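This report concerns only the one structure given below.
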Amino acid sequence: MVSKNNAQTFFQRSYAATLKERLDERRTFIQVVSGPRQVGKTTLVEHVLGSSKLPSMYVTADEPALRDTAWLNAQWERGRLTALESKSGAVLALDEIQKIPGWSETVKRLWDEDTRSKTPLKVVLLGSAPLLVQRGLTESLAGRFESIHLPHWSFREMRDAFGFTINQFIYFGGYPGAALLVKDTQRWKRYMLDSLIETTISRDVLLMTRVDKPALLRRLFELGCRYSGQILSYTKMLGQLHDAGNTTTLAHYLELLAGAGMLTGLQKYSGGLVRQRGSSPKFQVFNTALMTAQSDVPFKELTHNRDQWGRFVESAVGAHLANAAAAKECEVFYWRDGNHEVDFVIKLGRIVVGIEVKSGRTPRRHSGIEAFSQTFKPKRNLVVGEDGIPLDEFLSKSVASWLQG
């Protein structure tokens with residue numbers, strides 16, 4: 001097992017290498033590093049800046065008093081002066097950029113000024129609310145940026161960094177900051193609930209976006225974690241939540257939670273976008289730690305409960321796929337037709353792959369793989385788990401390798 005700090009620099013090295021290569025170019029685009037909280041964004045950027053030959057500045061907009069464009073202009077000007085004093089330029093890294101109102105318009109203006117004057121300042125933007133960052137980019141910075149999305153940590157990364165077994169990964173998930181607390185489950189849960197879940201909801205969602213019913217959003221998140229891996233119509237959700245809201249509000253709140261890297265609703269695969277978007281969503285967490293943090297079932301007891309453990313296994317597979325989709329490596333869906341169901345469908349261009357998870361849960365009456373194959377002619381179908389690809393092997397490889405293999 002390696003230390004937390006070493007893990008957070010070593011096991012994001014492919015992303016660090018990408019960022020370093022881009023900053024080493026003579027003239028580069030604005031580099032945008034985004035992803036959920038606690039996946040190592042700041043540590044990665046600080047590591048790259050520390051190993052760079054260019055002088056650099058790292059500043060954060062995380063302090064309430066600093067959230068304005070005047071502060072942003074001042075930091076940029078400091079970066080310009082550093083770049084002009086250096087013969088080779090400089091790098092300015094701005095963290096929690098989404099907390100500055102109007103940040104994207106200001107960045108556009110400053111970047112365009114530097115482009116016209118040929119000021120050798122390279123810029124890295126970091127954000128822990130991917131949805132909000134993306135909105136700012138598409139609204140003002142089209143053609144001026146490149147993105148690096150850091151997903152939740154995979155089984156391979158948690159295994160190599162912290163010695164996690166496959167069962168530990170399914171139960172404790174892929175948060176490196178919480179990994180050193182797993183020997184004290186109650187302490188681990190308190191950290192997850194207070195420092196991660198509550199911080200993400202209150203600071204990255206409620207504080208940054210208009211939410212008319214914050215209590216409903218919180219209950220939706222809890223419901224989604226409880227039913228991760230299950231298909232639930234918006235009408236049934238409202239019944240479970242005991243709220244007189246509407247389905248449009250729930251769909252919007254689910255989008256906000258997905259943008260924060262917490263919970264998403266997979267759509268039904270049909271080959272047609274209209275039907276996909278009109279389907280009942282399948283709840284899917286991005287990290288199984290979010291399920292465990294709100295469960296009272298101890299690790300050993302859960303692993304011996306066939307049905308409950310099977311739901312965690314399926315969610316671990318779904319989280320692996322959902323994180324790949326968030327990084328634009330593929331699209332992920334589910335499929336159901338009557339009694340026939342396929343747990344997950346992944347798609348990249350014209351390549352379609354069906355995935356069935358043998359998780360140990362009570363088997364459904366009808367496997368959907370054959371019916372799915374007859375209807376959509378996928379490139380291949382994969383069975384993960386019992387009598388198929390071992391779970392640890394599937395989670396150790398990239399989703400791209402299963403699409404292209």
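The values are calculated or read from the model by the stated rules, or taken from the named source; none is laboratory data. Only a predicted model underlies this, so the values are computations on that prediction, with no experimental measurement involved. Cβ sites come from the backbone with ideal geometry, for glycine too, and all protein chains shown count toward neighbours.
Among the residues that make up segment 163-186, is at least one of them buried (at least 21 other Cβ atoms within 10 Å of the Cβ) and on the phi > 0 side of the Ramachandran plot?
Yes.
Between a residue in segment 241-256 that is free of Cβ contacts under 8 Å to residues at least 40 places away in the same chain and any residue that is part of a helix (DSSP H, G or I) and polar (S, T, N, Q), which pairs come within a Cβ distance under 8 Å, given they are 6 or more apart or on different chains?
What qualifies is T247/T235.
Quick check: is even one residue across segment 366-388 at positive phi and of a type in the set (K, R)?
For segment 366-388, residues at positive phi and of a type in the set (K, R): present.
Quick check on segment 25-52: of everything there that is modelled with pLDDT of 90 or more and charged (D, E, K, R), which residue is surrounded by the fewest Cβ atoms within 10 Å (Cβ to Cβ)?
Among those that are modelled with pLDDT of 90 or more and charged (D, E, K, R), it is E46.
Among the residues of segment 302-358 satisfying the criterion of being polar (S, T, N, Q) and in contact (Cβ under 8 Å) with a residue 24 or more places away in the chain, which is nearest to G259 (Cα to Cα)?
Here the residue is N323.
Which of (1) in contact with a Phe, Trp or Tyr (Cβ under 7 Å, 6 or more places away or on another chain); (2) within 19 Å of V399 (Cα to Cα); (3) surrounded by fewer than 24 Cβ atoms within 10 Å (Cβ to Cβ) is the odd one out, the single condition C330 does not satisfy?
Result: C330 passes all but (1).
Would you mind finding the one in S396, S367 that is surrounded by 15 or more Cβ atoms within 10 Å (Cβ to Cβ), polar (S, T, N, Q), more than 22 Å from the chain's Cα centre (by Cα) and over 15 Å from I351 (Cβ atoms)? Give the steps one after another, and end with the answer.
Numbers: S396 fails: more than 22 Å from the chain's Cα centre (by Cα).
When all the criteria are applied, what remains is S367.
Can you find a residue that is modelled with pLDDT under 90, surrounded by fewer than 17 Cβ atoms within 10 Å (Cβ to Cβ) and small (G, A, S) anywhere in segment 1-13?
yes
Please go through segment 86-111 and pick out each residue that is acidic (D, E) and free of Cβ contacts under 8 Å to residues at least 24 places away in the same chain.
Initially, segment 86-111 is screened for residues acidic (D, E), giving 95-96, 105.
Answer for segment 86-111, where residues must be acidic (D, E) and free of Cβ contacts under 8 Å to residues at least 24 places away in the same chain: there is none.
Confirm whether E113 is in contact with a helix residue (DSSP H, G or I) (Cβ under 7 Å, 6 or more places away or on another chain), outside any loop (DSSP other than H, G, I, E, B) and surrounded by fewer than 17 Cβ atoms within 10 Å (Cβ to Cβ).
When the stated conditions are applied, E113 does not pass them.
Give me the pairs: first residue in segment 176-190 and closer than 14 Å to T288 by Cβ, second residue assigned to a loop (DSSP other than H, G, I, E, B), beta-carbon distance under 6 Å, and six or more apart or on different chains, which are they?
Here the result reads W188/V182; K189/A293, each pair linking segment 176-190 to a residue that is assigned to a loop (DSSP other than H, G, I, E, B).
Is there a residue in segment 340-361 that is among the polar types (S, T, N, Q), more than 22 Å from the chain's Cα centre (by Cα), farther than 25 Å from F164 by Cβ and modelled with pLDDT under 95?
Among the residues of segment 340-361, not one is among the polar types (S, T, N, Q), more than 22 Å from the chain's Cα centre (by Cα), farther than 25 Å from F164 by Cβ and modelled with pLDDT under 95, which makes the answer no.
Filter segment 159-207 down to residues that are within 29 Å of A17 (Cβ to Cβ) and under 16 Å from the mean Cα position of the chain (by Cα), then give me how many there are.
Number of matching residues: 8.
Within segment 243-252, track down each residue that is over 11 Å from L223 (Cβ atoms) and out of contact with any strand residue (DSSP E or B) (no Cβ under 9 Å at 6 or more places or on another chain).
A244, G245, N246, T247, T248, T249, H252
Looking only at segment 248-267, decide whether some residue is farther than 18 Å from A325 by Cα, among the hydrophobic types (A, V, I, L, M, F, W, C) and either assigned by TED's automatic domain parsing to the domain that holds H320 or buried (at least 21 other Cβ atoms within 10 Å of the Cβ) (or both).
Within segment 248-267 (the criterion being farther than 18 Å from A325 by Cα, among the hydrophobic types (A, V, I, L, M, F, W, C) and either assigned by TED's automatic domain parsing to the domain that holds H320 or buried (at least 21 other Cβ atoms within 10 Å of the Cβ) (or both)), the answer is yes, since at least one residue qualifies.
Regarding G385, is this residue crowded, with 16+ Cβ neighbours inside 10 Å, touching a Gly at 6+ places or on another chain (Cβ under 9 Å) and without any contact (Cβ under 8 Å) to a residue 60 or more places away in the chain? Outline the logic, then answer.
Numbers: crowded, with 16+ Cβ neighbours inside 10 Å: yes; touching a Gly at 6+ places or on another chain (Cβ under 9 Å): yes; without any contact (Cβ under 8 Å) to a residue 60 or more places away in the chain: no.
For G385, the condition - crowded, with 16+ Cβ neighbours inside 10 Å, touching a Gly at 6+ places or on another chain (Cβ under 9 Å) and without any contact (Cβ under 8 Å) to a residue 60 or more places away in the chain - is not met.
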